[in-house]
Amino acid sequence: MRALTSILVGITLFVGCLAAWWFLWPVWKVEAHVRQQLPTSFATFSGVKYNRATGAGCGYVNAGNSQGVLHGTTHFILLPDGSLKFDPSDRVAGTTLQQLEAIRKHSDYLALVYARCA
């Protein structure tokens, strides 16, 4: 009976470790790559997902400065080539041409989100 219990516990631990590696390891890698590209390593992440089909990581980051003050949550996309794209912070204001340019930046980012993160 003890041998059977030991085998079942061993199998459960193995499956648990394999599941953690399969589901959590890509998320940890995405967070590490994003943290490397930020000016400071102080950042909190939420909603980070890795899309295996596209090879992109998406989520929200709240980066801080050297004093530890958080700047606010921003959506990001980590592309397979290692480039990092943030949600444009341009406000849709100004002249008509400036508004159209801001809307174009936002729509380009949204197209990238739908293509890579969905």
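The values are calculated or read from the model by the stated rules, or taken from the named source; none is laboratory data. Since the structure is predicted, the reported quantities are computational estimates derived from the model, not experimental observations. Quick reminder, even Gly has a Cβ in these numbers, built from the backbone with ideal geometry, and neighbours come from all protein chains shown.
At a glance:
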item: Exclusive hit being β-branched (V, I, T), part of a helix (DSSP H, G or I) and under 10 Å from the mean Cα position of the chain (by Cα), set V113, V34; result: V34
item: Leading residue by the ranking (modelled with the highest pLDDT) among those in the range 64-85 that are outside any loop (DSSP other than H, G, I, E, B), out of contact with any Lys or Arg (no Cβ under 9 Å at 6 or more places or on another chain) and aliphatic (A, V, I, L, M); result: L84
item: Scope the range 87-100; condition surrounded by 14 or more Cβ atoms within 10 Å (Cβ to Cβ) and either in a loop (DSSP other than H, G, I, E, B) or modelled with pLDDT of 90 or more (or both); matching residues; result: D87, P88, D90
item: Every residue from the range 26-52 that is of a type in the set (V, I, T) and in contact (Cβ under 8 Å) with a residue 24 or more places away in the chain; result: V27, V30, V34, T40, T44
item: Per-region count, the range 78-115, residues over 17 Å from Y60 (Cβ atoms) and among the hydrophobic types (A, V, I, L, M, F, W, C); result: 8
